[in-house]
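Inspection log for the structure reproduced underneath, given as structure tokens.
The values are calculated or read from the model by the stated rules, or taken from the named source; none is laboratory data. The structure presented is a predicted model; accordingly, all values stated were derived computationally and were not measured. Methodologically, a virtual Cβ is constructed for each residue, glycine included, from the backbone with ideal geometry; neighbour enumeration extends over all protein chains shown. Side chains are part of the model used for accessible areas, which takes the heavy atoms of the whole protein and leaves out ligands, DNA and RNA. Shrake-Rupley method; radii C 1.70, N 1.55, O 1.52, S 1.80 Å.
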Amino acid sequence: MTLQPVAFWVLAVLSVASGVAVFVVDSMARATFALLASLVGVGLVFLLIDLSYLGVLIVLMMVMEMTVMAVFMIMYMMNPAGLMPMKMVHNSRGAPLIAAGVFVLLAAGVFLTPWPRRRGSPPADPTHALGLSIMGPKMLVMMVVGVAILATMISTTVLATHRGRYDGDRPRLRPGEGR
């Protein structure tokens, strides 16, 4: 038995268990990290089945998304960093019924949809073809914009702290004092 099927099932179980943990844990921070673990597991499954572009994209996007969520939790929640226990499920009676109904509809759609037959042959490099069809000639622009957004988030977070940028590096000057 090769390692790939074992890794697939380990990642699948990790992703599902982490996804369930999102609704079981009692704090926003733990739910955020459980969601991150679940989605990173999904991204790693994509890498495992040789969809490198999508796998890396999922992992990078989810890590950045969860980082932004954690930063906003720390900044804006009355609950320090989302670590205080709180009820994470709203409408606890209706939510399971709605979720089951949506699942049944989606499963029925999978089995009742007349899926089209394949026409032609698959491209030599499906990941490259998918990247081109999604982004086209805008790939370089999106990469630059992504780095600019990351730099903006980091600098805004650093500058927004009440201590300032140099609090740990040198003594803070009182108003009117100079060097």
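Going by the conditions given, is Met66 free of Cβ contacts under 8 Å to residues at least 12 places away in the same chain and within 17 Å of the chain's Cα centre (by Cα)?
Answer is no for this residue.
I need the full set of residues from segment 45-69 which are in contact with a Leu (Cβ under 6 Å, 6 or more places away or on another chain) and over 21 Å from Met143 (Cα atoms), in order please.
Within segment 45-69, just Val45 meets the criteria.
Quick check on my filter: what residues within segment 19-50 are open to solvent by 50 Å² or more (accessible area, probe 1.4 Å) and not in a helix (DSSP H, G or I)?
Asp26, Ile49, Asp50 - these are the residues of segment 19-50 that are open to solvent by 50 Å² or more (accessible area, probe 1.4 Å) and not in a helix (DSSP H, G or I).
Listed here are the residues, each with its yes/no results for (1) under 22 Å from Phe46 (Cβ atoms); (2) in a loop (DSSP other than H, G, I, E, B); (3) at pLDDT 90 or above.
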| site | (1), (2), (3) |
| --- | --- |
| Ala81 | no, no, no |
| Ala100 | no, no, yes |
| Ala108 | no, no, yes |
| Ala124 | yes, yes, yes |
| Leu130 | yes, no, no |
| Pro137 | no, no, no |
| Leu140 | no, no, no |
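Which one of these is modelled with pLDDT of 80 or more and either in a helix (DSSP H, G or I) or open to solvent by less than 60 Å² (accessible area, probe 1.4 Å) (or both): Val6, Val71?
Val6
Among all residue pairs at least 6 apart or on different chains, which show Cβ distances below 8 Å where the first residue, located in segment 144-158, is touching a residue at least 40 places away in the same chain (Cβ under 8 Å) and the second is assigned to a helix (DSSP H, G or I) and open to solvent by less than 60 Å² (accessible area, probe 1.4 Å)?
Met153/Val68; Met153/Val71; Thr157/Val71
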